[in-house]
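Take a look at the structure below.
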Amino acid sequence: MITFPGTPDLAPATQLLVHSAHWRQPWLPAMDDKHNPYAPSRASLAAAAVTPTASGGTWRDGTVLILTPEASLPSRCVRCNEPSEEPTKSRRIYWHSPWLYLLILANILIYAVVAVIVRKKAVVAPGLCSAHKKRRRTGIAVAWTLLIAGLALMLMGIESGKPVVAVVGLLLILVALLVSTNVTRIVRAKRIDTQYIQLKGCGAAFLDSMPPFAG
Ligand SMILES: [Zn+2]
């Protein structure tokens, strides 16, 4: 019996019919699907096969942006939805269960070690337009200036025995850290698991351009 790759195990007579179907109409020229007007539409077949991943794999759920690990973000600013200014950097984002913070109460070092081991990582490339890139660069410069000024004031205060100056320096350092966390982080993880990456920090216009998440 002749076997063809990918052919189900059919009786030889049936197999001959399957592979010689076009011989039954020898008066018709052989046609491939490209020229056959009766072939099913490729477009409709493609549409039927669209899966969430094939359609982009990105959704919005309220203020949260949800994407699959394979999905890539569109080349638009995640703040205002304008075209993003290239190049867009890929950024590593980490997440761990909020319960882990309880370990800080026991020992902050143990927390740090466990967090590094169990945290989940995702790589995303959130776009920013030229205006928002500029704003971020300015924010980073402001944070650095505050940090250096704060350190200088704190050291000066300690050295000259003026605790008020040292405390003002310490406050400036804290403000610098707050500014830095807010401006350098473009998006932050709400949750990362094997199926989805959930991000916070996207603007309303960008989120409005995303299809709603159906779960
Ligand atoms: Zn923007």
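Values in this text are rule-based calculations from the coordinates and carry no lab data. This structure is a prediction, so every number in the text was calculated from the model and none was measured. Methodologically, a virtual Cβ is constructed for each residue, glycine included, from the backbone with ideal geometry; neighbour enumeration extends over all protein chains shown.
Looking at the range 93-141, which trypsin sites (Lys or Arg not before Pro) are DSSP coil and have at most 16 other C-beta atoms within 10 Å of their C-beta?
Sites meeting the loop and neighbour criteria: R119.
Starting with the fewest neighbours, write out E85, E70 ranked by other beta-carbon atoms found within 10 Å of each beta-carbon.
The most exposed by this proxy come first: E70, E85.
Which listed residue (C129, V179, I140) has the Cα farthest towards the positive end of the charge dipole for the range 129-185, taking +1 on Lys and Arg C-beta and -1 on Asp and Glu C-beta about the Cα centre?
C129
Net charge within 15 Å of A131 by Cβ-Cβ distance, Lys/Arg positive one each and Asp/Glu negative one each, not counting A131 itself?
Within the 15 Å Cβ shell, the charges total +4.
Sort C202, C77 so the one with the fewest other Cβ atoms within 10 Å of its own Cβ comes first.
Working: C202 22, C77 25.
So the ranking, lowest neighbour count to highest, is C202, C77.
What lysines does K190 reach when the alpha-carbon gap must be under 24 Å and sequence neighbours fewer than 8 apart in one chain are set aside?
K89, K120, K121, K133, K200
I need F206, F213 ordered by Cβ neighbour count within 10 Å, fewest first. List each step's numbers first, then the result.
Working: F206 21, F213 17.
Result, fewest neighbours first: F213, F206.
Pulled fully out, how much extra length does the chain show between E159 and T181, if you take 0.36 nm times their separation in residues and subtract their Cα-Cα distance?
5.0 nm
What net charge is computed for the residues neighbouring K190, neighbours being all others with C-beta under 10 Å from the C-beta of K190, Lys and Arg scored +1, Asp and Glu -1?
Numbers: positive: R188, R191, K200; negative: D61.
Net charge around K190: +2.
Placing unit charges on C-beta atoms (Lys and Arg positive, Asp and Glu negative, everything else neutral), compute the dipole magnitude of the range 129-185 about its Cα centre in debye, rounded to 20.
Using only the charged Cβ atoms, the result is roughly 480 debye.
Given a Förster distance of 35 Å, report the FRET efficiency between I117 and A214 from their Cβ-Cβ distance, rounded to the nearest 0.05.
Approximately 0.55, to the nearest 0.05.
Given R₀ = 41 Å, what would the calculated FRET efficiency be for W144 paired with K190, taking r from the Cβ atoms and rounding to 0.05? Don't jump to the answer; show the numbers that get you there.
Working: r = 28 Å, r/R0 = 0.69.
Taking R0 as 41 Å, the efficiency between W144 and K190 is 0.90.
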